[in-house]
């Protein structure tokens, strides 16, 4: 592989081939992944990250496709990270978003990266945040993340995106989903896609629900009706995103949101690093297997098993 400095320069110049290779190294946690991310980090921070989430079949891919086209008409460069589910059997992914966005591949101002969840929950891949950081450093001013579409538990996106779009569809049970606190609370903008099916009732119910709650930042989520297959409502959606960006810019709200996001991500990174540095080297695989067997057979509870493994690792570390 070329030097890290060479890769960084190629990414900064948005060379598509180099960008794809760097993203592969980062996603697969290659030997130079962390060094690359550290070198690229100072060049980032300028992109607006837009998360697009919602249930399967809501039309998220088509919506992302149309949003990307609209931003390109406005001369903005767009990076897309599309997350697809991983098979629990073959560990592969269909990466169907690549198929649905084929028309965008010829545009040099758009870069699309499909990623598999690889077992991660919450609608994102473990490497999604790192992929977004690379695209940010490459100068893409709009980075859109399409989550996998796992439904009501898909709320990890709020820890990564500057703007969260929750896509709902009339007639698919979404009028019930609006009552779910998680999916209701993460939305900065609700997108009622496939509105040609009749979205007025769903919009009224959403407004009623939003009237009962108040966000800590004072923002009341906008509701936009779209028909993504016909590009209807896309300009209005872009206007709603711009309104939220203006709201975030006031009183330093965007910086406050990013500080909270980074705080949580650092906590997660600290937990992972602590485990890798302090526990993993002192825990033989056999000990983990035995503990798992004991818990599975109900001879032990998971909390006691975890405490015993920590104590084992400490004793091993003390012995040197």
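Since every read-out is calculated from the coordinates, none of them should be taken as a lab result. Quantities reported herein were computed from a predicted structural model and do not represent experimental measurements. No Cβ is skipped: glycine too gets one built from the backbone with ideal geometry, and neighbour counts run over all protein chains shown.
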What is the list of residues in the range 155-171 whose amide nitrogen lies under 18 Å from a point 7 angstrom out from the Cα of residue 216, following Cα to Cβ? 155-164
Between residue 277 and residue 243, how high is the FRET efficiency from 1/(1 + (r/R0)^6) when r is the Cβ-Cβ distance and R₀ = 41 Å? Nearest 0.05. 0.35
Any idea how far apart residue 318 and residue 141 come out in nm if each label point goes 7 Å out from Cα toward Cβ? 6.0 nm
In whole angstrom, how long is each semi-axis of the equivalent ellipsoid of the range 175-320, when you take the square root of 5 times every eigenvalue of its Cα gyration tensor and sort them from largest down? 48, 21, 14
Two-site label geometry, residue 197 and residue 299: point separation in nm, points 7 Å out along Cα→Cβ: 5.2 nm
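What number in nm² do you get for the range 1-43 if you take the convex hull of its Cα atoms and divide its surface by four?
Working: hull surface 10.4 nm².
That works out to 2.6 nm², a quarter of the Cα hull's surface.
Please work out whether the range 263-319 counts as rounded, prolate or oblate from its C-alpha gyration tensor, where a ≥ b ≥ c are the square roots of the eigenvalues and a/c under 1.5 means rounded, while otherwise a/b larger than b/c means prolate and anything else oblate? Walk me through the numbers before you get to the answer.
Values: a/c = 2.47, a/b = 1.44, b/c = 1.72.
Note, shape of the range 263-319 comes out oblate.
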One finds, for residue 286 and residue 9 with R0 = 56 angstrom and r their Cβ-Cβ distance, a FRET efficiency to the nearest 0.05 of 0.75
